[in-house]
Amino acid sequence: MSAEFDITETLDVKGASCPMPVVKAKSAIDELSEGEVLEVLATDPGSMSDIDGWASGTGGIELVNQEEGDDVFKHYVRKTE
Amino acid sequence: MGTDTPDAPADDAPSRAELAARVDELEDALAEATSDDDGKKMSIIATKGTLDMAYPPLILASTAAAFGYEVTVFHTFWGLDILHEERSKNLKLSSVGNPNMPVPNAVAALPGMDRVTTKMMEKKIADNDTATIEELIETSLDMGVEFQACQMTIDLMDYDEDDFYDGVTTGVGAATALQDMADSDIQLLV
């Protein structure tokens, strides 16, 4: 989970609540190419579990890392195919 | 037994050619069955049109689309109001029949109380930055969710096909919904 990676694109969904962080992350990752990493910035506490669940339940993406900051939850999702 | 010749089967045993054909047939069936697993499907039947009950089908539909599911939501009876462009912006929350409401049912039944509780809920939705029903429908449509409006209830409610959001499928009935459910990995009635 702590492997080095470059962030290709950042999606700011601060303020948005369920289901929007996941739904917008899906649209954003569709724009990326294989191997690229999407950073998702969210304030929804449910996003920690939801982005994890989405990344493990969906083909072609993987969760690289998650960070729980004071106000912002950061998620890093890589496109794998 | 060293004299056995594999090319000379007993009378009732299948020939080598028959076995090879059967293997080909099974391999084709296997390939078809495995490829079907790639595309998961979800089918939701939405029957309710109150503000609170409009959310679950739309949240699950858009989320499943984000998981790559092929999603169909079949709207019938009051569920049609969710797809009705004008009525969807004006869905109400019932103040009676829900003991979790902050007012007793006897008070909640007074004229105008549904309007009060609806305003309260709309304010909470806005304060919490929760998506509106319209936003969820537009997002779901963009993500490829198929919304179907049940033809029998469109006629029953006296709605017009043009009343619904662009992209909503009309002219469908229970058999269409049943076929979708039979093909789906997840089926829900809301």
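Structure data summary
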quantity	calculated
Given (1) more than 24 Å from A:TRP54 (Cβ to Cβ); (2) part of a helix (DSSP H, G or I), index of the condition B:ALA64 fails	(1)
Residues satisfying the stated conditions in segment A:1-52, i.e. touching a residue at least 24 places away in the same chain (Cβ under 8 Å) and small (Gly, Ala, Ser)	A:SER2, A:ALA3, A:GLY15, A:ALA16, A:SER17, A:ALA25, A:SER33, A:GLY35, A:ALA42, A:GLY46, A:SER47
Residues of segment A:1-42 that turn out to be touching an Asp or Glu at 6+ places or on another chain (Cβ under 7 Å) and at the interface with chain B (Cβ under 9 Å from one of its Cβ atoms), as a count	5
Elements of type strands (runs of 3 or more DSSP E) in segment A:1-75, at least 2 residues being among the polar types (S, T, N, Q)	A:61-68
Residue list for segment B:133-180, filter: farther than 18 Å from B:MET42 by Cβ, part of a loop (DSSP other than H, G, I, E, B) and touching a residue at least 40 places away in the same chain (Cβ under 8 Å)	B:MET157, B:TYR159, B:TYR165
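Conditions tested, residue by residue: (1) more than 29 Å from B:ASP162 (Cβ to Cβ); (2) at pLDDT 95 or above; (3) more than 14 Å from chain A (Cβ to nearest Cβ).
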{"site": "B:PRO56", "(1), (2), (3)": "no, yes, no"}
{"site": "B:ALA66", "(1), (2), (3)": "yes, yes, no"}
{"site": "B:THR72", "(1), (2), (3)": "no, yes, yes"}
{"site": "B:TRP78", "(1), (2), (3)": "no, yes, yes"}
{"site": "B:VAL96", "(1), (2), (3)": "yes, no, yes"}
{"site": "B:PRO104", "(1), (2), (3)": "yes, no, yes"}
{"site": "B:LEU110", "(1), (2), (3)": "yes, no, yes"}
{"site": "B:ARG115", "(1), (2), (3)": "no, no, yes"}
{"site": "B:SER140", "(1), (2), (3)": "no, yes, no"}
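The values are calculated or read from the model by the stated rules, or taken from the named source; none is laboratory data. Remember, it's a predicted structure, so these values are computed and weren't measured experimentally. As a convention, Cβ positions derive from the backbone with ideal geometry for all residues, glycine included, and neighbour counts pool all protein chains shown.
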